[in-house]
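Q: The following block contains the structure, expressed as structure tokens.
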Amino acid sequence: MQQQTPGSDPGIHRTHSGIYLKKGHDWPRRDTTSPPVGLVSQEDSIVITATTSRGIDPSQLNMMTRITAKPAYSVPSRDPPSYPPPQIVFPKFEPLEREPRTPISPLSVENLFSDSEEFSPKEPPPKIAPLGSISETEVTTEASSLGDRQRSGEESNIIYDRHLGTAQSPQDLPTPPPEADAPKLNARPHHQHFRNHVHFSHATHTQGPSAHLASDEHQSDLEIEEVELVPDAELNDAEEHDRQNAQNGRPMLAPMLVETLRRTLSKADEFAARRLEYPNGMQYTRQHKPFSTCSLILGILFAIVLIVAIGIFIAWAVTSDGFHNLGKSKDTCSTKACIDTAFRLSSFMDQDVLPCQNFYRYSCGGYHSQNLAKQLTYQEEMEENTLASILDMMNQVNFTEIPPPSRIEVVGREIFDACMNNPQRSFIGGRPFQDLLRNVPCGPIFPDCQNFDEGHFSWERYAGMMDVYAGRYNLIVAGTEIINPMERALRLSFRPPALDGFLGPIKQKLLQTHMHETEFEPLLAVALRQDLLNEMSHQLLRIDPLSGDRHDMLIEVSQLIVQMDNITRQIQPSRTVMSLGEFLNAVPQINMTEFLNGELSGVLSWSTGDPVVIYDFEYFQRFVQIALQNPRRALANYLTVVAGINLRNYLILPGDNATWRNCAQQTQNIDIYSNIYINRRMNNISLPAISAFTQRLRDDFISFHKNPSSISAQTRVLVGYPQKLLDQQYVFPDSLAISLNTTSYFDSMTTVLRAQRRRDFAEVGNLLADDDSSGFYPMTPGVLESRNENALVIPLAALQEPLIIPGSDSPQFSIFATYGITILTLLSKVYWQDQQSNMPLPCFEQEYRTFLSSNFQNIEFSADLMKSLSIADALITAEFSYYRWKDESGLRSEIHLPTLQKMNNWEEFYVTAGTMTCNRDGFLAGSFYESTINTAFSMSEEFSRSFHCKKEQPMYENDCLKPFLQIV
């Protein structure tokens, strides 16, 4: 019968064998908030399991003990309670009544100590053979769960089933459920609390990192899985029952195990001070040594010195702007522009070449050693940077952002997305152009053309209606420009078609064959028909170029083009200002009224007294005869074909490899994208500083040259963009928004181009704003001089690397050597065109030939001499302007570019300017281009002095240009 010990914990139950067992229940304590001392956790329980091996009589076996300490849950360390420390009590077992050496099936005793039910008084006690003495103890502390521990070797576990009162095999028992309240393992130091297991087994039974303390007296296969710790009151009661069992002749197991475990626990206490390693990244306490007085003093002194050093550093940084220049050399520029320029110079230069021997090769030898695709001129670099900026600004237009993008940004992004939709554009091919021809005047070469009537055909009316579609290839190209720079009123202009736009590559191929002059025109007609017209007619017009009338029509068109090109090659370029009536009277065969009424009359008012500009007036006089000699259908077919050539870029035909670069290029002259581009860049650049610097260059150029009639103080400097492009209604009027179809790229571009051109013609007769010029496109990366308007135009796209822009944090010599020489070269070109009879070309030619290879001495190079003259003039003028700036600023020396500290500022100036001239045309030593650059730099006296050139060296100074300049 089950009895309860007076004063004991209700959770502790006594069996009839006199052992008090408990599991999963807190034992009595005075301080319920404090856990037990040592290796005992809040969940104190002892489970005893007996094990035999290979059927050996347990009475003949020795024993070995093992204590396994298992971490419970995380509990903060507290002071030990004041109640007496717990003791260990073991149950007494009776020997099994069986024949010796009979194998016993492995059993489990996990359910023996469950506190869910009480023991039945009728349950028989477990029977087990006497164990003998235990003399070897092994203590193991391990952080692994009881259910996960594996055993090796052949074992037999004796299990007492308190429900059946018999020993059973694990195969006969149901699998016990996992412990529901088993705590999650947390890594904790060894001095915190562990669940205690007293484990008697062979040393090979335990796995995982562990520490063993063992004696070597005896061994046994008896394994005690868990030992319950109970208070002293119950310990005394258990010992009393042991004494009663001894009087009855029963073995006394408890005293023997108690003594063994007490010795084991004492050794475990010794081991507790040692460092144990547990899995799962556990942390452990270490035994710290006390600081010595000397170490403490040294630490305090070090802290004081460190604080003083930090204070001194902060004081220096604040008083000397040290944070701004931290990590920088005082004499070296470290801005992004300087670093990029230095990298460009170091990759372009070849310092194995002597600068006084061949300065172009010294500046550009590394440039020519690069991959051919990387050998870009500085203009091409700016073009690539501009295209990349267009793509980037389109990617930044987000339809879901807050605040939402502007209407112009949305339309621009939609059109750009339509352009990037290559699958759709490839699928529809040339059908958009064919749909357009059905609604505009066309020629019979197009099979679906229904509006051609040869009897009522007027090529002037056709040309007027095809104005925007034929573009610069139209029979008469209309435009707008300023006649009087002082008045700045827009006027109409007329010029011949720019046939070299598509004829140039074909003519270049023919000239390489060294044919006779009489063969040129027939062969040009054949090559034009084979290389261009046949392909265009097949892909765009859906005709067979070799079938019947279509073949004859293509021959007529090719012959007409050759005749028109012959006129443009024979006449001298001219610009004539006259009234519209005078022009009509001079070429009465051309019905200009029909031409103007075709498209332009709907947006502008004109009269015969209006002044107009006629380019190449002789062309129109001679073209009249060509128009009369050729069939009318040839003129209609010509307009149809050149419209396809002009609009082909907005289509994707078979064999095309369209990329984002093509889309970006086609947006550069569209005002919608100019507006977006300006708004993205306008806050990152100082236009007033650039304008002031450019005016300074203009003034220095005027003071350095004699009688510069074409350049004066009245020459306007236009920098960046005209303000009108910031007006959204001007750029994207409501009428355009209604008619625009952004899902079709071809339709969108033709609609925008037509609306933009009609708006420009509507301004004829009006005065241009002070910041505006005809043909001022902000996304065109190139500096231009409009002589008709007496203006110097620097678009926003030209204000970028590799030019170093005024206002940037870069040394002035780099600005003069890049941006300065670029502007001055343009001014010099204009200046020397007006000095045709007073130029130093003979002297230049003599110097030029010293650099030119003998293979090229007999080839014409007059154009190269003019180019060399312009560069030399710009270089010497930039020197003069830089000298003046240094005198005004009082600086004797500037900071250096990175990696060029060994050079002086003048050497850096020339090297920076030299790399700006690198070009693929100078690949061959002694080429025309190399000779052009070397000749230009050899005219500088300062260059020869800076590099210490000797008289016998080719780059030694030459005085060809000095007599023609006004040296100040």
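Q: Considering only residues that are assigned to a helix (DSSP H, G or I) and either open to solvent by 30 Å² or more (accessible area, probe 1.4 Å) or closer than 13 Å to residue 617 by Cβ (or both), which ones fall in the stretch 567-583?
A: First, the residues of the stretch 567-583 that are assigned to a helix (DSSP H, G or I): 567-570, 580-583.
The answer is 567, 568, 569, 570, 582, 583.
Q: Okay, moving on. From the list 819, 831, pick out the single residue that is touching a His at 6+ places or on another chain (Cβ under 7 Å), within 26 Å of residue 789 (Cα to Cα) and crowded, with 19+ Cβ neighbours inside 10 Å. Quick ask: steps written out before the conclusion?
A: Numbers: 819 fails: touching a His at 6+ places or on another chain (Cβ under 7 Å).
Being touching a His at 6+ places or on another chain (Cβ under 7 Å), within 26 Å of residue 789 (Cα to Cα) and crowded, with 19+ Cβ neighbours inside 10 Å holds for just one of 819, 831, which is 831.
Q: Is it the case, given these coordinates, that residue 932 is assigned to a helix (DSSP H, G or I) and of a type outside the set (Asp, Glu)? First the steps, then the outcome.
A: Working: assigned to a helix (DSSP H, G or I): yes; of a type outside the set (Asp, Glu): yes.
Taking the combined requirement at face value, the residue satisfies it.
Q: From the list 742, 750, exactly one residue is part of a helix (DSSP H, G or I), in contact (Cβ under 8 Å) with a residue 24 or more places away in the chain and open to solvent by less than 50 Å² (accessible area, probe 1.4 Å). Which is it?
A: 750
Q: Another question, then. Could you look through the stretch 314-337, keep only residues that are open to solvent by less than 90 Å² (accessible area, probe 1.4 Å) and in a helix (DSSP H, G or I), and pick out the one that is modelled with the highest pLDDT? Full working, then the answer.
A: Keep residues of the stretch 314-337 that are open to solvent by less than 90 Å² (accessible area, probe 1.4 Å), which gives 314-315, 317, 320-322, 325, 327-329, 331-335, 337.
Next cut, in a helix (DSSP H, G or I) only: 314-315, 317, 320, 337.
Details: 314: 76, 315: 69, 317: 58, 320: 49, 337: 84.
Only one residue fits best here, namely 337.
Q: Spot the failing condition for residue 511; the list is (1) without any contact (Cβ under 8 Å) to a residue 12 or more places away in the chain; (2) out of contact with any Lys or Arg (no Cβ under 7 Å at 6 or more places or on another chain); (3) closer than 28 Å to residue 431 by Cβ, and only one is missed.
A: In the conditions (1) without any contact (Cβ under 8 Å) to a residue 12 or more places away in the chain; (2) out of contact with any Lys or Arg (no Cβ under 7 Å at 6 or more places or on another chain); (3) closer than 28 Å to residue 431 by Cβ, residue 511 misses (3) alone.
Q: Residue 729 - would you say it is open to solvent by 30 Å² or more (accessible area, probe 1.4 Å) and either under 30 Å from residue 406 (Cβ atoms) or at pLDDT 90 or above (or both)? Even if it seems obvious, please write down each step before you answer.
A: Details: open to solvent by 30 Å² or more (accessible area, probe 1.4 Å): yes; either under 30 Å from residue 406 (Cβ atoms) or at pLDDT 90 or above (or both): yes.
Yes.
Q: Turning to a different aspect of this structure: Going by the conditions given, is residue 925 open to solvent by less than 60 Å² (accessible area, probe 1.4 Å) and not aromatic (Phe, Trp, Tyr)? Lay out the reasoning, then the answer.
A: Numbers: open to solvent by less than 60 Å² (accessible area, probe 1.4 Å): no; not aromatic (Phe, Trp, Tyr): yes.
So residue 925 fails the test.
Q: Can you spot a residue in the stretch 890-902 that is of a type in the set (Gly, Ala, Ser), surrounded by fewer than 17 Cβ atoms within 10 Å (Cβ to Cβ), in contact (Cβ under 8 Å) with a residue 60 or more places away in the chain and not in a helix (DSSP H, G or I)? Spell out the reasoning first.
A: Of the residues in the stretch 890-902, the ones of a type in the set (Gly, Ala, Ser) are 890, 893.
Within this subset, residues satisfying the condition of being surrounded by fewer than 17 Cβ atoms within 10 Å (Cβ to Cβ) are 890, 893.
Narrowing the set further to residues that are in contact (Cβ under 8 Å) with a residue 60 or more places away in the chain leaves none.
The answer is no, given that none of the residues of the stretch 890-902 is of a type in the set (Gly, Ala, Ser), surrounded by fewer than 17 Cβ atoms within 10 Å (Cβ to Cβ), in contact (Cβ under 8 Å) with a residue 60 or more places away in the chain and not in a helix (DSSP H, G or I).
Q: In this structure, is residue 856 open to solvent by 20 Å² or more (accessible area, probe 1.4 Å) and in contact (Cβ under 8 Å) with a residue 12 or more places away in the chain?
A: Numbers: open to solvent by 20 Å² or more (accessible area, probe 1.4 Å): yes; in contact (Cβ under 8 Å) with a residue 12 or more places away in the chain: yes.
When the stated conditions are applied, residue 856 passes them.
Q: Please work out which residue is least open to solvent (accessible area, probe 1.4 Å), limiting yourself to the stretch 836-845 and to residues that are free of Cβ contacts under 8 Å to residues at least 60 places away in the same chain and either under 49 Å from the mean Cα position of the chain (by Cα) or under 18 Å from residue 938 (Cα atoms) (or both).
A: Only one residue tops the list, namely 841.
Residues checked against (1) open to solvent by 50 Å² or more (accessible area, probe 1.4 Å); (2) of a type in the set (A, V, I, L, M); (3) free of Cβ contacts under 8 Å to residues at least 60 places away in the same chain:
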site	(1), (2), (3)
601	no, no, yes
614	no, yes, no
635	no, yes, no
638	no, no, no
649	yes, no, yes
663	no, no, no
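Q: Restricting the search to the stretch 344-365, which residues are open to solvent by less than 10 Å² (accessible area, probe 1.4 Å) and either part of a loop (DSSP other than H, G, I, E, B) or not aromatic (Phe, Trp, Tyr) (or both)? Break it down stepwise before answering.
A: Looking only at the stretch 344-365, we keep the residues that are open to solvent by less than 10 Å² (accessible area, probe 1.4 Å), and these are 345, 356, 359-360, 363-364.
Hits for the stretch 344-365 are 345, 356, 363, 364.
Q: Read through the list (1) in contact with a Ser or Thr (Cβ under 9 Å, 6 or more places away or on another chain); (2) closer than 16 Å to residue 501 by Cβ; (3) open to solvent by 60 Å² or more (accessible area, probe 1.4 Å), then give the number of the only condition that residue 528 fails.
A: Just one mismatch for residue 528, condition (3).
Q: If I filter the stretch 373-418 down to residues being of a type in the set (A, V, I, L, M, F, W, C), in a helix (DSSP H, G or I) and over 23 Å from the mean Cα position of the chain (by Cα), which single residue comes out as surrounded by the fewest Cβ atoms within 10 Å (Cβ to Cβ)? I'd like the intermediate steps shown before the answer.
A: Taking the stretch 373-418 as the starting set, the residues that turn out to be of a type in the set (A, V, I, L, M, F, W, C) are 373, 376, 382, 387-388, 390-391, 393-394, 397, 399, 402, 408, 410-411, 415-416, 418.
Now narrow it down to the ones that are in a helix (DSSP H, G or I): 373, 382, 387-388, 390-391, 393-394, 408, 410-411, 415-416, 418.
Add one more test, that the residue is over 23 Å from the mean Cα position of the chain (by Cα), and what stays is 408, 410-411, 415, 418.
Numbers: 408: 20, 410: 14, 411: 22, 415: 27, 418: 20.
Per the stated criteria, the residue is 410.
Q: A further question on this structure: For residue 735, are the conditions met, namely being at pLDDT below 90, open to solvent by 30 Å² or more (accessible area, probe 1.4 Å), outside any loop (DSSP other than H, G, I, E, B) and more than 24 Å from residue 472 (Cβ to Cβ)? Full working, then the answer.
A: Values: at pLDDT below 90: yes; open to solvent by 30 Å² or more (accessible area, probe 1.4 Å): yes; outside any loop (DSSP other than H, G, I, E, B): yes; more than 24 Å from residue 472 (Cβ to Cβ): yes.
Yes, satisfied.
Q: Which condition does residue 496 not pass, out of (1) more than 19 Å from residue 638 (Cα to Cα); (2) open to solvent by less than 20 Å² (accessible area, probe 1.4 Å); (3) of a type outside the set (A, V, I, L, M), if it passes all the others?
A: For residue 496, the exception is condition (1).
Q: For the stretch 859-889, how many residues are open to solvent by less than 20 Å² (accessible area, probe 1.4 Å) and part of a helix (DSSP H, G or I)?
A: 13
Q: If residue 643 satisfies all but one of (1) under 23 Å from residue 555 (Cβ atoms); (2) in contact with a strand residue (DSSP E or B) (Cβ under 8 Å, 6 or more places away or on another chain), what's the number of the condition it fails?
A: Every condition holds for residue 643 apart from (2).
Q: Would you check which residues across the stretch 450-459 are surrounded by fewer than 21 Cβ atoms within 10 Å (Cβ to Cβ) and in a helix (DSSP H, G or I) and list them? Give the derivation first.
A: Start the filter on the stretch 450-459 by keeping residues that are surrounded by fewer than 21 Cβ atoms within 10 Å (Cβ to Cβ), which leaves 450-458.
Answer for the stretch 450-459, where residues must be surrounded by fewer than 21 Cβ atoms within 10 Å (Cβ to Cβ) and in a helix (DSSP H, G or I): 454, 455, 456.
Q: Residue 486 - would you say it is open to solvent by 60 Å² or more (accessible area, probe 1.4 Å) and in contact with a Gly (Cβ under 6 Å, 6 or more places away or on another chain)? Give the steps one after another, and end with the answer.
A: Values: open to solvent by 60 Å² or more (accessible area, probe 1.4 Å): yes; in contact with a Gly (Cβ under 6 Å, 6 or more places away or on another chain): no.
Criteria not met by residue 486.
Q: Can you name the condition, by its number, that residue 588 falls short on among (1) open to solvent by 70 Å² or more (accessible area, probe 1.4 Å); (2) within 20 Å of residue 494 (Cβ to Cβ); (3) assigned to a helix (DSSP H, G or I)?
A: Failed condition: (3).
Q: Turning to a different aspect of this structure: What residue, of 695, 621, is in contact with a strand residue (DSSP E or B) (Cβ under 8 Å, 6 or more places away or on another chain) and in a helix (DSSP H, G or I)? Walk me through it before giving the result.
A: Values: 621 fails: in contact with a strand residue (DSSP E or B) (Cβ under 8 Å, 6 or more places away or on another chain).
On inspection, the qualifying residue turns out to be 695.
The values are calculated or read from the model by the stated rules, or taken from the named source; none is laboratory data. These numbers were taken from a predicted model, which means no experiment stands behind them. Note: ideal-geometry Cβ built from the backbone for every residue, glycine included; neighbour counts use all protein chains shown. Accessible surface is based on the protein model in full, side chains and every heavy atom, while ligands, DNA and RNA are left aside. Shrake-Rupley method; radii C 1.70, N 1.55, O 1.52, S 1.80 Å.
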